[in-house]
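Quick notes on the structure that follows.
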Number of protein chains: 2
Amino acid sequence: MEISEALEALTSLSQEIRLRVFRLLVTASPHGLPAGAIAEELAVPANTLSFHLNHLRHAGLVSVRRQGRMQIYTARCDQVEFLKDFLTENCCTKSSCAS
Amino acid sequence: MEISEALEALTSLSQEIRLRVFRLLVTASPHGLPAGAIAEELAVPANTLSFHLNHLRHAGLVSVRRQGRMQIYTARCDQVEFLKDFLTENCCTKSSCAS
DNA sequence: TCCATATTTCTAGAATACTCGAAATATTGA
DNA sequence: TCAATATTTCGAGTATTCTAGAAATATGGA
């Protein structure tokens with residue numbers, strides 16, 4: 001993972017609503033959840049949520065598919081793995097790292 | 001690691017200058033580097049750097065000790081481990097995770 | 001004590017991010 | 001085609017973060 005991608009992922013996950021959205025989607029993995037269900041669960045207005053879902057999508061952390069009228073969002077857990085790898089390779093010394 | 005602590009660490013590392021500072025300090029681990037050397041290496045004004053070092057310090061990602069006139073900053077690599085653990089526990093499904 | 005060096009704090013302006021009402025778009029079913 | 005539902009886009013206001021000049025603080029050496 002490039003530093004610019006890592007920055008995008010870190011920026012996306014560093015916002016409370018987005019982190020909560022992502023965690024929720026991880027628990028709902030691999031089926032995903034429609035935007036409306038996320039908005040209701042987290043008590044966030046639909047348009048505000050849409051803004052954050054877009055942010056996560058641009059950062060590559062979620063993917064989306066349409067199912068009828070609904071947009072189903074799914075966590076891209078592999079991207080978190082890449083982020084963790086980035087942190088391991090760039091932000092850890094050998095001695096301090098388990099992996 | 002609590003969600004609020006994780007947010008602080010993610011926020012700190014999601015800013016380009018701070019991420020570069022942290023990576024530099026990891027390479028200089030465990031000795032650390034004086035603020036002036038970091039500023040010079042990254043070509044950032046001393047007071048701007050100070051702002052970001054403060055941010056990293058409040059997030060627990062670096063520690064500092066005085067050595068004569070210099071302030072020596074050191075990466076707290078263990079905190080990155082905690083952040084990775086947080087991501088593993090909260091943001092990964094079992095199937096998607098190596099660990 | 002006085003000066004030079006290293007760094008931080010103060011401050012205000014600039015840039016970026018977040019929020020949410022209102023309007024627009026997409027889909028389904030009648 | 002029309003109404004209802006699900007979601008997104010637009011736009012403007014608010015809040016937060018970043019930047020860097022200037023001044024302040026801390027230390028060591030002459």
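Note on the protein assembly as shown: percent of Cα-Cα distances in each 10 Å bin, starting at 0 and stopping at the bin with the largest distance, equals 9, 35, 30, 17, 8, 1, 0. Using the alpha-carbon positions of chain A, Rg (one decimal) and Dmax (whole number) come out as 14.6, 52 Å. Applying 1/(1 + (r/R0)^6) with r as the Cβ-Cβ distance of A:MET70 and B:ASN54 and R0 = 35 angstrom yields a FRET efficiency of 0.20. Scattering from segment A:7-48 was approximated by placing one identical point on each alpha carbon and applying the Debye formula without solvent; log10 I(q)/I(0) at 0.24, 0.33 1/Å stands at -0.85, -1.13. Which net charge results for the neighbourhood of B:GLN79, defined as the other residues with beta-carbon distances under 12 angstrom from its beta-carbon, given Lys and Arg at +1 and Asp and Glu at -1? Taking every other residue near B:GLN79 into account, the sum is -2.
The numbers here are math on the coordinates, done by the rules we state, and not lab data. Treat the numbers as computed from the prediction; the structure is a model and nothing was measured. Note that we place each Cβ from the backbone using ideal geometry, even for glycine, and neighbour counts take in every protein chain shown.
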